[in-house]
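A.B. asks: Sharing a structure, written as structure tokens. Questions coming.
The values are calculated or read from the model by the stated rules, or taken from the named source; none is laboratory data. Here the structure is a predicted model, which means the values were calculated and not measured. Ideal geometry is used to build each Cβ from the backbone, glycine not excepted, and the neighbour counts take in all protein chains shown.
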Amino acid sequence: MIAIIQRVKSSKVEVAGQLVGQIGPGLNCLLGVEKGDTQEDVEWLCDKLVHLRIFEDDQGKMNLSLLDLEGGILVIPQFTLLGNCRKGRRPNFTRAAPPQEAKGLFNKAIEHLRKHPIKVAQGVFQAYMMVHIENDGPVTFIINSKERGK
């Protein structure tokens, strides 16, 4: 699984002009599911998201996690994170998990995040979405579950 996370003051997502998810301070997470991802990838990535210390403490140092902040996370499904742009002019998406598999793991990620005392909001799988992000910093990280333990 690949996640691009951004520290935000607020974030929201709309589908067909309707608000479907919104958070205040916390993380906006674009989430891509790769072929071969497992429940282990889901759990590792979600635990990383809630415990990663990227929020500022009283001294202005990145020392607080999403749990410490009691913030929210808005998770947006985004298969294009698995796009390969090395050859030609059109990305190929052969690394992306098939839609049914990806949707199942996306839903498992949402379930796992909801086990924590944070607000969890989400986009709609395979929908055209308008994502509004009020960056805080900006602070942006890329996390790949395949790179854990390296």
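A.B. asks: Can you pull out the residues in the stretch 92-116 that are more than 21 Å from Lys12 (Cβ to Cβ) and part of a loop (DSSP other than H, G, I, E, B)?
C.D. replies: Initially, the stretch 92-116 is screened for residues more than 21 Å from Lys12 (Cβ to Cβ), giving 92-105, 108, 111-112, 115.
Hits for the stretch 92-116 are Phe93, Thr94, Arg95, Ala97, Pro98, Lys115.
A.B. asks: Could you check, for the stretch 122-138, whether at least one of its residues is on the phi > 0 side of the Ramachandran plot, over 13 Å from the mean Cα position of the chain (by Cα) and not aromatic (Phe, Trp, Tyr)?
C.D. replies: In the first step, residues of the stretch 122-138 are kept if they are on the phi > 0 side of the Ramachandran plot; the result is 126, 137.
Now restrict to residues that are over 13 Å from the mean Cα position of the chain (by Cα): 126, 137.
Now restrict to residues that are not aromatic (Phe, Trp, Tyr): 126, 137.
Yes, the stretch 122-138 has at least one match.
A.B. asks: Can you name every residue in the stretch 68-123 that is among the basic types (Lys, Arg), farther than 19 Å from Asp41 by Cα and in contact (Cβ under 8 Å) with a residue 24 or more places away in the chain? Let's see the steps before the verdict.
C.D. replies: Step one: of the stretch 68-123, the residues among the basic types (Lys, Arg) are 86-87, 89-90, 95, 103, 108, 114-115, 119.
Within this subset, residues satisfying the condition of being farther than 19 Å from Asp41 by Cα are 86-87, 89-90, 119.
Listed by number, the list holds a single entry, Lys119.
A.B. asks: Another question about this same structure. If I ask for residues that are of a type outside the set (Phe, Trp, Tyr) and closer than 22 Å to Thr80 by Cα, which ones from the stretch 41-60 would you list?
C.D. replies: Here is the first cut: in the stretch 41-60, the ones of a type outside the set (Phe, Trp, Tyr) are 41-43, 45-54, 56-60.
Of everything in the stretch 41-60, those that are of a type outside the set (Phe, Trp, Tyr) and closer than 22 Å to Thr80 by Cα turn out to be Asp41, Val42, Glu43, Leu45, Cys46, Lys48, Leu49.
A.B. asks: Moving on. Being of a type in the set (A, V, I, L, M), buried (at least 22 other Cβ atoms within 10 Å of the Cβ) and without any contact (Cβ under 8 Å) to a residue 60 or more places away in the chain is the filter here; which residues of the stretch 1-29 pass it?
C.D. replies: Scanning the stretch 1-29 gives a single hit, Leu27.
A.B. asks: Might you check whether a residue that is loosely packed, with under 15 Cβ neighbours inside 10 Å and of a type in the set (Lys, Arg) occurs anywhere in the stretch 55-66?
C.D. replies: Of all residues in the stretch 55-66, those loosely packed, with under 15 Cβ neighbours inside 10 Å come to 57-63.
Now restrict to residues that are of a type in the set (Lys, Arg): 61.
The answer is yes; a qualifying residue exists.
A.B. asks: Quick check on the stretch 136-143. Is at least one of its residues of a type in the set (S, T, N, Q) and assigned to a loop (DSSP other than H, G, I, E, B)?
C.D. replies: Taking the stretch 136-143 as the starting set, the residues that turn out to be of a type in the set (S, T, N, Q) are 140.
Now drop any that are not assigned to a loop (DSSP other than H, G, I, E, B), which leaves none.
No, that holds for no residue.
A.B. asks: Still on this structure: I'd like to check something: does the stretch 78-91 contain any residue that is at pLDDT below 95, part of a loop (DSSP other than H, G, I, E, B) and small (Gly, Ala, Ser)?
C.D. replies: Checking the stretch 78-91: at least one residue is at pLDDT below 95, part of a loop (DSSP other than H, G, I, E, B) and small (Gly, Ala, Ser).
A.B. asks: Moving on. Could you list, in sequence order, all residues of the stretch 1-60 that are of a type in the set (Gly, Ala, Ser), in a loop (DSSP other than H, G, I, E, B) and closer than 20 Å to Phe125 by Cβ? First the steps, then the outcome.
C.D. replies: Taking the stretch 1-60 and keeping what is of a type in the set (Gly, Ala, Ser), we get 3, 10-11, 16-17, 21, 24, 26, 32, 36, 60.
Filter once more, so that each one left must be in a loop (DSSP other than H, G, I, E, B): 16-17, 24, 36, 60.
Correct list: Ala16, Gly17, Gly36.
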